[in-house]
1. Any idea which residue in region 32-45 is farthest from Ala98 (Cα to Cα), counting only those that are open to solvent by 70 Å² or more (accessible area, probe 1.4 Å) and of a type in the set (A, V, I, L, M)?
2. Sort out which residues of region 1-31 are over 25 Å from Gly100 (Cα atoms), part of a helix (DSSP H, G or I) and either in contact (Cβ under 8 Å) with a residue 24 or more places away in the chain or touching a Phe, Trp or Tyr at 6+ places or on another chain (Cβ under 8 Å) (or both), and write them in order of number.
3. List pairs: first residue in region 83-103 and without any contact (Cβ under 8 Å) to a residue 24 or more places away in the chain, second residue part of a helix (DSSP H, G or I) anywhere in the structure, Cβ distance under 7 angstrom, at least six positions apart or on different chains.
4. Report the residue count in region 65-79 for those that are more than 15 Å from Ile10 (Cβ to Cβ) and either among the small types (Gly, Ala, Ser) or not in a helix (DSSP H, G or I) (or both).
5. Mind telling me which of the residues Phe5, Phe13 ends up being open to solvent by less than 90 Å² (accessible area, probe 1.4 Å) and under 24 Å from Ser79 (Cα atoms)?
6. Name every residue in region 69-105 that is within 15 Å of Asn21 (Cβ to Cβ), open to solvent by 50 Å² or more (accessible area, probe 1.4 Å) and within 14 Å of the chain's Cα centre (by Cα), in order of residue number.
7. Would you pick out the residues in region 33-57 that are assigned to a helix (DSSP H, G or I) and more than 17 Å from the chain's Cα centre (by Cα)?
8. Within region 21-31, work out how many residues are open to solvent by less than 40 Å² (accessible area, probe 1.4 Å) and β-branched (Val, Ile, Thr).
Amino acid sequence: MNRNFYFIGIAFFGMISGIFNQLALIFTLLYVQLLAGPLLFGSLSLTLMFASLMVSTATVILGGIPAAIYERITGASESSDASLWIWLAGTALLALPAAGNFLKIGL
């Protein structure tokens with residue numbers, strides 16, 4: 001399979017987690033308002049978008065940790081199909097709490 005499809009899937013699950021994971025989004029929003037509120041002109045909508053982007057990025061990074069450990073154990077110098085599957089599965093597992101809201105609300 002083409003590697004781009006793996007990356008599209010990983011980005012999709014990150015996006016779902018960032019937009020629809022309410023618990024992580026509220027937790028992140030509280031900290032973003034304190035730390036980056038003046039940088040975002042005090043706008044709640046900009047702050048919410050930035051918090052959503054932070055949750056999406058964290059999902060992709062945390063989902064990639066098992067793949068990085070797998071690559072380190074096997075001694076691979078490049079990402080293989082197996083490590084990309086592990087990354088995709090890790091990101092999908094992290095997006096599970098948001099999947100219910102995604103299916104209920106829709107995109």
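1. Leu39
2. Answer for region 1-31, where residues must be over 25 Å from Gly100 (Cα atoms), part of a helix (DSSP H, G or I) and either in contact (Cβ under 8 Å) with a residue 24 or more places away in the chain or touching a Phe, Trp or Tyr at 6+ places or on another chain (Cβ under 8 Å) (or both): just Arg3.
3. Ser83/Ala67; Ser83/Tyr70; Ser83/Glu71; Ile86/Pro66; Ile86/Ala67; Ile86/Tyr70
4. Within region 65-79, residues that are more than 15 Å from Ile10 (Cβ to Cβ) and either among the small types (Gly, Ala, Ser) or not in a helix (DSSP H, G or I) (or both) number 4.
5. Details: Phe5 fails: open to solvent by less than 90 Å² (accessible area, probe 1.4 Å).
Going through Phe5, Phe13 in turn, the sole match is Phe13.
6. Leu93, Leu94, Leu96, Pro97
7. To start, the set of residues in region 33-57 that are assigned to a helix (DSSP H, G or I) comprises 33-36, 44-57.
Gln33, Leu34, Leu35, Ala36, Leu44, Ser45, Leu46, Thr47, listed by residue number.
8. As a first pass, look at region 21-31 and keep what is open to solvent by less than 40 Å² (accessible area, probe 1.4 Å): 21, 24-25, 28-29.
Then keep just the ones that are β-branched (Val, Ile, Thr); that gives 28.
Residues meeting the conditions: 1.
The values are calculated or read from the model by the stated rules, or taken from the named source; none is laboratory data. The structure displayed is predicted, hence computed values, not measured ones. Every residue, glycine among them, receives a Cβ derived from its backbone with ideal geometry; neighbour counts consider all protein chains shown. Side chains included, ligands, DNA and RNA excluded: accessible areas come from the protein's heavy atoms. Shrake-Rupley method; radii C 1.70, N 1.55, O 1.52, S 1.80 Å.
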